[in-house]
Structure formats: structure tokens, C-alpha cells
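Chemist: First the structure, which I've put down as C-alpha cells, then a few questions once you've had a look.
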Amino acid sequence: MAHPRTLAVRNPRTGESELTLTVASADDVARSADRLRANQPRWEALGLAGRIEVMRRWLGEVAQRAELIGERDAADTGGVSTSWSQGYITMANIGGWIADAETALARAEVRQRSVPMPDVEVRSQLVPYGLVGVISPWNAPMMLALLDAVPALFAGSAVLLKPSEVTPRFLAPLFDSVRAVPELAEVFDYVLGDGATGADLIANVDMVCFTGSVPTGRKVALACAERLIPAYLELGGKDPAIVTETADIDRATTAVLRGAVYATGQVCYSIERVYVHESIHDEFVAELLRKAESVTLNDRDPKEGHLGPFIFERQAEIVRSHLDDATAKGARVLAGGVVENLGGGLYMRPTILVGVDHDMAIMQEETFGPTIPVMAFRTVDEAVSLANDTEFGLTASVIAGTEDEALAIAARIRAGSVFIQDTFLTFGKMRTIGTHSFGHSGIGGSRTGPDSIMRFIRRKALMTNHGSPADIRNDRYGVQQ
């Protein structure tokens with residue numbers, strides 16, 4: 001009998017392997033999927049009102065564990081500040097769908113006479129996908145897992161989650177809360193493992209929600225295409241910020257600094273390219289440098305300081321390679337730029353570069369680190385062209401002298417969300433609006449806004465003819481019956 005495969009889990013603060021995961025075999029994944037699929041019809045049969053009551057009880061269980069959930073997520077990420085709030089963010093996620101699900105699904109309901117065939121009455125039926133697979137990333141492990149899983153459960157689907165093997169610590173308190181609600185535990189479970197486990201999951205589910213890199217996203221898309229099942233992919237970004245000559249420099253530098261280095265830049269909508277009008281470029285850079293000097297690391301205490309370690313060891317290597325490429329091609333690093341090993345954790349201070357151009361990887365490929373490459377532009381047309389010169393299109397930011405000026409520029413940028421007079425405003429759209437990614441940043445329906453629940457629903461049409469049926473014996477074009 002073969003021994004189960006195991007994976008070591010690294011502590012991002014110490015660099016030591018502190019956990020060992022037992023990887024789910026292909027048979028394990030199939031058994032989990034079969035169990036969830038068998039239980040899903042009972043979950044669907046509860047109806048939305050019944051599911052809401054179950055989810056309300058789950059909300060209470062999460063509330064009892066909110067602090068512990070935050071501590072475990074922070075252990076996963078090395079102390080990203082929002083990690084400590086993940087229990088409460090999860091409560092807001094569940095509570096938001098308790099408030100929004102009924103109205104969102106009601107908007108999809110139809111019961112009316114057909115326009116082309118007035119004797120025919122059309123009714124809709126909303127049918128959830130039986131089993132949804134969620135493959136979530138390492139950079140915001142709990143939040144991004146539940147961003148898809150929670151609305152899928154409200155829709156009536158069962159959910160099988162495969163979290164990143166890099167950041168699995170949040171699972172214990174989360175699924176303690178799930179198991180405290182038996183009806184939910186019947187339709188929500190997880191499997192542990194790496195990419196091979198993700199492939200096994202795809203082979204056993206009815207649709208997939210994936211968050212991660214473009215290369216892995218392509219593999220997921222191909223695997224789903226082979227099975228002819230839907231794939232919803234969010235694949236990151238290379239998000240630009242444009243700062244016009246009329247912008248308030250104090251406001252702009254504060255916004256760009258936070259938007260670029262928050263969570264050590266390990267956020268899909270982090271600012272990764274900054275275009276500043278040539279007339280204020282030097283002043284902007286000087287003020288950015290001044291503010292960056294006061295940003296501190298949290299190596300001594302995860303609840304102190306502003307920047308934590310790289311969560312994934314490999315990410316530090318990617319950032320370093322982008323910086324090496326940029327400096328070899330003429331860029332100058334004015335601050336930061338060094339991977340520091342502090343107590344075994346890998347850290348980098350805010351890293352500001354000038355003299356960059358679009359021949360450099362740091363201006364084209366997703367860096368996912370605390371880097372701020374700043375490039376001057378002469379005209380708004382040039383700035384828009386530079387911002388759109390990317391294979392990505394997740395978010396962007398525009399900071400100008402007036403809102404109207406910024407809005408006019410934002411309308412020309414190919415990105416799913418554009419932040420006006422600030423950066424990092426993604427949370428503002430969560431219960432408000434759904435958006436779509438441009439380029440390689442993703443495919444499929446929006447994962448934000450009330451309508452995002454419709455990703456997990458198939459809509460049927462039930463049509464009743466209240467008149468006489470058509471008679472094939474008198475069924476000719478132009479013949480009056």
C-alpha cells in the first residue's frame with residue numbers, strides 16, 4: 001500500500017517548516033466530491049429561505065471564532081493587517097448575502113407572456129450547479145476562498161474547496177464553525193494538496209472558481225474546457241496609476257504608497273506602475289521617498305510595523321529578478337530593493353525606481369512585491385497609452401486636480417475597476433456592483449456585487465401555450481390560420 005504524499009508548510013516569519021499536510025489522493029477527492037454531490041439536492045430543496053436560516057446559524061458560529069480565525073489567517077500571511085480582521089470580514093460576507101441573496105435571485109425570475117408568441121406564458125426556473133470547485137490562492141487565503149464559496153452556498157450549490165498548500169492554517173477554525181452547523185457541513189468541505197490535487201478537483205466538479213497566476217489559470221481553463229464545464233478565473237494584474245500635472249502631490253503620494261506596498265504588494269490590485277506628469281515627476285518622487293522612509297517592517301511583532309514578510313518564498317525571488325532586470329536595463333533604485341532575511345522571514349522595504357520603461361519586466365509582468373516604478377509622461381494621451389500597454393486589465397487608478405478630469409481619463413483605461421482620486425478601493429464595490437476583467441486578468445462573470453450569485457445558477461425557461469397548438473397540416477409561411 002502506497003504511503004500518503006505529504007507537503008511541508010513554511011512559516012513566513014521564521015522560514016521554518018512547522019506543519020506537514022497529508023495530500024488528498026485522487027480517490028480521496030472523488031469520495032469527497034461524491035459525498036457533497038449526494039447531499040446537494042437536500043440543500044437545494046431547503047429553498048433560499050431555508051438556506052438563509054442555516055447560514056444565519058453559521059454566521060453565529062463564525063462570530064464565536066472571529067478572533068481565532070484572524071489569528072490563523074495572520075499566521076498564514078505573516079501578519080498582513082487585514083488578516084486580523086478576517087473573522088469579521090467573513091461575517092460581513094455571510095451577512096451581506098443574507099441581506100442580498102433574495103433580491104439578487106428575484107431579479108432573475110421571469111413570469112410573463114412571450115413577446116413574439118403572446119399565447120405562450122414564460123416562467124423561469126433557477127437551478128444551481130450541483131458541485132462548485134473553488135481553488136484559492138495564498139495571498140489572502142480565507143477571504144478569496146470564501147468570496148466564491150459563500151454565494152455558491154446561498155445559490156444552493158455544494159462546494160469543495162482546495163486552498164493553497166502555502167497557507168492552510170485558516171481551515172481549522174473555519175471548518176470548526178462549519179461542522180457546528182450539520183446541514184452546512186453536508187455540502188461544504190475541503191481537500192488539501194498542490195496542483196495535482198487541484199487537477200483532481202476539476203475532474204470531479206461541475207464548475208470551477210480559480211484565483212491565481214496566469215500560467216496556472218491557463219491550465220485550469222484548458223482542463224475545464226476538456227470537460228465542458230464553466231471556469232471563472234481571476235488571474236491578477238499589472239495595475240497602473242496615472243498622476244496628472246494638476247494632482248495634489250501630498251494626496252497622490254499617500255495613495256500610491258499605500259496602494260503599492262500594502263501587504264508587501266502581494267495583492268492582485270496593488271499599484272505596480274506609476275505614470276506621473278513630467279512637470280511634477282521630481283517633486284512627486286521626492287515626497288514619495290520621504291513618506292516611504294517612515295514605513296516599517298513587522299519583523300519584531302506581527303501586530304506592529306506596516307509591512308510583513310513575503311508569504312511565499314518563491315515570490316521574493318521573482319521580485320528580485322524583476323529588479324535585477326530593471327537595473328541591468330538602466331533603471332535606478334532610489335529606496336529599498338533588498339530582500340532582507342530577518343529571523344528567517346524574507347522582507348523588502350518600499351522600493352522606488354525611476355528611469356524605467358516598458359522594455360523592463362517590472363513594467364510588464366506581475367511583480368507582486370512592494371515595488372513602485374515611476375515613469376514620467378508628457379501628455380494625457382501618452383499616459384493612457386502607457387496604462388493600456390499591458391496584457392492585464394484588473395484595476396487602475398487616476399489622481400488628478402479634479403474629479404471630472406480624473407473621470408475623463410478613467411473612461412479611456414481598459415480595466416475592470418478604476419479608482420478615482422485614490423487607490424485600493426476594491427472593497428467599495430463588494431455589495432454594490434459587479435465588474436469584468438480586461439485582458440488576461442480573468443474570464444467569466446463578476447465575483448463582486450449582488451449579481452455575482454448568478455455565476456452558480458442555470459436559468460431554465462418553462463413555457464406554457466394557452467392557445468391552440470400549431471397544426472403541421474396548416475403550418476406554412478404566409479398562410480393565415
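The values are calculated or read from the model by the stated rules, or taken from the named source; none is laboratory data. Being a predicted model, the structure only gives us computed values, none of them experimental. Glycine also receives a Cβ, built like all others from the backbone with ideal geometry; neighbour counts cover every protein chain displayed.
Chemist: Does G95 qualify as being surrounded by fewer than 18 Cβ atoms within 10 Å (Cβ to Cβ) and within 22 Å of the chain's Cα centre (by Cα)?
Modeler: Answer is yes for this residue.
Chemist: Tell me whether segment 178-185 contains one or more residues that are without any contact (Cβ under 8 Å) to a residue 60 or more places away in the chain and out of contact with any Lys or Arg (no Cβ under 7 Å at 6 or more places or on another chain).
Modeler: yes
Chemist: Does S437 satisfy being touching a helix residue (DSSP H, G or I) at 6+ places or on another chain (Cβ under 7 Å) and at pLDDT below 95?
Modeler: no
Chemist: So, one more: Name the pairs whose Cβ atoms lie under 7 Å apart, with the first residue in segment 69-92 and among the aromatic types (F, W, Y), the second part of a helix (DSSP H, G or I), and 6 or more positions between them or separate chains?
Modeler: Going by the 7 Å Cβ cut-off, the qualifying pairs are W84/G70; W84/A74; Y88/A66.
Chemist: Scan segment 28-50 and tell me whether some residue there is closer than 30 Å to F310 by Cβ, surrounded by 15 or more Cβ atoms within 10 Å (Cβ to Cβ) and not aromatic (F, W, Y).
Modeler: yes
Chemist: Look at segment 10-61 and say how many of its residues are part of a loop (DSSP other than H, G, I, E, B) and among the hydroxyl-bearing types (S, T, Y).
Modeler: Residues flagged as part of a loop (DSSP other than H, G, I, E, B) and among the hydroxyl-bearing types (S, T, Y) within segment 10-61 amount to 2.
Chemist: May I pose another question? Just the residues that are part of a loop (DSSP other than H, G, I, E, B) and either under 20 Å from S25 (Cβ atoms) or outside the structural domain of E226 (by TED's automatic domain parsing) (or both), please, taken from segment 163-211.
Modeler: P163, S164, E165, P168, V191, L192, G193, D194, A203, N204, V205
Chemist: I've got another one for you. Which one of E313, E317 is more than 20 Å from Y262 (Cβ to Cβ), without any contact (Cβ under 8 Å) to a residue 12 or more places away in the chain, surrounded by fewer than 15 Cβ atoms within 10 Å (Cβ to Cβ) and within 25 Å of the chain's Cα centre (by Cα)?
Modeler: It is E317.
Chemist: Kindly indicate whether R65 is over 24 Å from the mean Cα position of the chain (by Cα) and among the charged types (D, E, K, R).
Modeler: Considered against the rule, which asks whether it is over 24 Å from the mean Cα position of the chain (by Cα) and among the charged types (D, E, K, R), R65 comes out as no.
Chemist: Moving to a separate point now. Tally the residues that are closer than 20 Å to G305 by Cα and in contact with a strand residue (DSSP E or B) (Cβ under 7 Å, 6 or more places away or on another chain), restricting the search to segment 350-380.
Modeler: So the count comes out to 6.
Chemist: Using the structure shown, decide if D389 is surrounded by fewer than 16 Cβ atoms within 10 Å (Cβ to Cβ) and closer than 30 Å to G355 by Cβ.
Modeler: yes
Every residue, every condition in (1) more than 30 Å from Y347 (Cβ to Cβ); (2) loosely packed, with under 15 Cβ neighbours inside 10 Å; (3) out of contact with any Ser or Thr (no Cβ under 9 Å at 6 or more places or on another chain), yes or no:
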| site | (1), (2), (3) |
| --- | --- |
| T6 | no, yes, no |
| E16 | no, yes, yes |
| A24 | yes, no, no |
| I52 | yes, no, yes |
| R72 | no, no, no |
| G78 | no, no, no |
| I89 | no, no, no |
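Chemist: Here's something else I'd like to know. Could you name every one of the strands (runs of 3 or more DSSP E) located completely within segment 377-481 that has at least 3 residues being more than 30 Å from P118 (Cβ to Cβ)?
Modeler: In segment 377-481, 395-399, 417-420 are the strands (runs of 3 or more DSSP E) which contain 3 or more residues that are more than 30 Å from P118 (Cβ to Cβ).
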